[in-house]
Amino acid sequence: MKNPAIHISEEVQQALYEGRGVVALESTIITHGMPYPQNRDTAVQVEEAVRESGAVPATIAILNGEITVGLTESQLETLATTDDAMKLSRADLAMAVSRGAMGSTTVAATMIAADLAGIKVFATGGIGGVHQGAELSFDVSADLTELSRTKVTVICAGAKAILDIPKTLEVLETLGVPVLTYQQDDIPAFWSRESGLASPLRVDTINQIVDFMRARDALNIDGGVLIANPVPSESEIPRPEMSKLIDQAVRESQEQGIHGKAVTPWLLGRIVELSNGKSLKTNQALIKNNARLAGELACALS
Ligand code: PSU
Ligand code: MN
């Protein structure tokens, strides 16, 4: 890898060189998704979950303009306490690089960096998607188009339930992004195991995911794959309970004119308040669960 804008940690470089399993991890969840110190603690625990599966974690962020793949614990701490880090997607990733800024990567930007580094598997909490009211606001996350063009497999707990999940699934289908739900028929809804919507596809084993990815390669089909992994039962907040909080948060965000990049962080923060911190615990549990599955998949592919 001879890209001057990218720094890959020695451990990650070594693992890639040896063909071991490597899992990319995003950083917007650290800067814009959770409060301190839960953001740092979760980031550390997610890396541990990847390691327990036998893979090497590679958290990705922009540190002083350098795309950094594989953060040290002190770099994680710095990022977790940087208040003005830029939330970066495809459109503005290069601005953080050209300005030498601090920035965190969304699903879209993490996919770009992972692909540049040669990492094939990426674990996150929930992807961005089509927002409620998008027919008026046109707010559709760039995560969806990135999934259609960049060849990385993303493990999530479904689209965040703050979104319009049926519209998100429609757009993914239009863009040709396969959505594979792990071990159940219903597509999960982030904090809840069930959404009431059938997943387009279902897989029950890691081997089935590997076979699917290999078949896609053989057919020369480009772009990413989305794996939806339901939150563990013991940590879930059932959908009826979540729905009330989500409706209130979405209504308030519209009344207050929150728009653009601020929408997702604002809603997530408000839902943590409205649930008295319960949604944060679920968020932590589901991302660790995704990191474990991603680690197993990365090892099976290596
Ligand atoms: N899921 C979370 N917390 C987050 C995000 C997802 O639990 O902070 C972030 C991801 O980085 C995702 C981004 O890519 O929100 C989507 O933002 P937007 O809707 O502005 O595209
Ligand atoms: Mn948006």
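The values are calculated or read from the model by the stated rules, or taken from the named source; none is laboratory data. From a predicted model like this one, the values you see are computed outputs, not experimental measurements. So basically every Cβ, Gly included, is an ideal-geometry build from the backbone, and we count neighbours across all protein chains shown.
Brief remarks on what is shown
- Residue within the stretch 129-145 that is of a type outside the set (A, V, I, L, M, F, W, C), within 28 Å of ARG20 (Cα to Cα) and crowded, with 24+ Cβ neighbours inside 10 Å present: yes
- Of the candidates THR78, THR72, THR59, THR82, the single residue that is hydroxyl-bearing (Ser, Thr, Tyr) and crowded, with 23+ Cβ neighbours inside 10 Å is THR59.
- Scanning the stretch 259-276 for residues that are small (Gly, Ala, Ser) and either in contact with a Phe, Trp or Tyr (Cβ under 8 Å, 6 or more places away or on another chain) or more than 16 Å from ligand 2 (Cβ to nearest atom) (or both) yields one hit, SER275.
- Per this entry, GLU52 is not counted among residues that are of a type in the set (D, E, K, R) and free of Cβ contacts under 8 Å to residues at least 24 places away in the same chain.
- So ALA91, is it among the hydrophobic types (A, V, I, L, M, F, W, C), within 16 Å of ligand 2 (Cβ to nearest atom) and in contact (Cβ under 8 Å) with a residue 40 or more places away in the chain: yes
- The set of residues from the stretch 16-36 being farther than 18 Å from ASP84 by Cβ and either in contact with a helix residue (DSSP H, G or I) (Cβ under 6 Å, 6 or more places away or on another chain) or touching a residue at least 40 places away in the same chain (Cβ under 8 Å) (or both) comprises LEU16, GLY19, ARG20, GLY21, VAL22, VAL23, ALA24, LEU25, GLU26.
- Assessment of the stretch 104-123 against the conditions (basic (Lys, Arg), within 22 Å of SER9 (Cα to Cα) and either modelled with pLDDT of 95 or more or surrounded by 22 or more Cβ atoms within 10 Å (Cβ to Cβ) (or both)) yields at least one matching residue.
- Residue ranges of helices (runs of 4 or more DSSP H) in the stretch 109-225 with at least 1 members touching a Lys or Arg at 6+ places or on another chain (Cβ under 6 Å) and touching a residue at least 40 places away in the same chain (Cβ under 8 Å): 142-149
- Scanning the stretch 48-64 for residues that are in a loop (DSSP other than H, G, I, E, B), among the acidic types (Asp, Glu) and either more than 20 Å from the chain's Cα centre (by Cα) or over 23 Å from TRP266 (Cα atoms) (or both) turns up nothing.
- Pairs, first closer than 19 Å to ARG99 by Cα in the stretch 55-74, second among the acidic types (Asp, Glu) and part of a loop (DSSP other than H, G, I, E, B), C-beta under 7 Å, six or more apart: ILE60/GLU26
- Within the stretch 155-170, tally of residues that are at pLDDT 95 or above and within 14 Å of the chain's Cα centre (by Cα): 3
- Residue match in the stretch 127-146 (condition: over 16 Å from the mean Cα position of the chain (by Cα) and away from ligand 2 (no atom under 16 Å from the Cβ)): no
- Selection over the stretch 212-258 of residues that are among the hydroxyl-bearing types (Ser, Thr, Tyr) and touching a Phe, Trp or Tyr at 6+ places or on another chain (Cβ under 8 Å) gives a count of 1.
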